[in-house]
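Computed from the coordinates by the stated procedures, all read-outs in this text should not be read as laboratory data. Keep in mind the model is a prediction, meaning the values are calculated, not measured. Glycine also receives a Cβ, built like all others from the backbone with ideal geometry; neighbour counts cover every protein chain displayed.
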């Protein structure tokens, strides 16, 4: 089945329906086809409290960073269909309890998630399937996902294996400008990081190398090791 670039009109329209968002054309530019389009929710959604069921500080897990990265890496090559959907991550999220909560926050409906931008759904799915969700969190909206880490005092500027990395293609360090999310595999110590990301390239899970200049910050799950 043909691959679909998530910067196309169909997918961005669905993303608007899910998140009550508009796509920032300025966030695309040279990055078109390399990662999810910039999202900007209404002010109410951007400023709303991030309320996951339990905070990361309340729940310990027995999962290591290596286990999470191994699961994420096993998904490399999974791709969306011609409509920008069809991934297991979108299907899982649309049926989840969390979808009902984010619909109440952002508007839309469960069906809209099935073709929406899915980078944060991929990260959330890996957390769920690995048993690390209490520390990785779950959300379809990258900004809210980052704010959850920040609210738990687990957000910073140092790349660590297994950290959840949030990007802004403009180079902004403002959480409200986040465009994309993935996992850190390693710091290459040359101004770049190696990552595993969903909804990148032509709508696939891929390993990438990214400049740190595009990183807004990192969320730090409290792994067992």
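Filtering the range 164-206 to residues that are closer than 17 Å to residue 121 by Cα and surrounded by fewer than 16 Cβ atoms within 10 Å (Cβ to Cβ) leaves only 202.
For (1) in contact (Cβ under 8 Å) with a residue 60 or more places away in the chain; (2) touching a strand residue (DSSP E or B) at 6+ places or on another chain (Cβ under 8 Å), each residue gets a yes or a no:
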| site | (1), (2) |
| --- | --- |
| 121 | yes, yes |
| 133 | no, no |
| 137 | yes, yes |
| 140 | yes, no |
| 144 | yes, no |
| 185 | yes, yes |
| 191 | no, yes |
| 200 | yes, yes |
| 218 | yes, yes |
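Take residue 159 and tell me if it is more than 14 Å from the chain's Cα centre (by Cα), closer than 10 Å to residue 219 by Cβ and not in a strand (DSSP E or B). So residue 159 does not fit the description; no. So for the range 164-178 (the condition being over 28 Å from residue 100 (Cβ atoms) and part of a strand (DSSP E or B)), does at least one residue qualify? There is no residue in the range 164-178 that is over 28 Å from residue 100 (Cβ atoms) and part of a strand (DSSP E or B).
Out of curiosity, is residue 225 within 22 Å of residue 60 (Cα to Cα) and surrounded by fewer than 17 Cβ atoms within 10 Å (Cβ to Cβ)? Even if it seems obvious, please write down each step before you answer.
Values: within 22 Å of residue 60 (Cα to Cα): yes; surrounded by fewer than 17 Cβ atoms within 10 Å (Cβ to Cβ): yes.
For residue 225, the condition - within 22 Å of residue 60 (Cα to Cα) and surrounded by fewer than 17 Cβ atoms within 10 Å (Cβ to Cβ) - is met.
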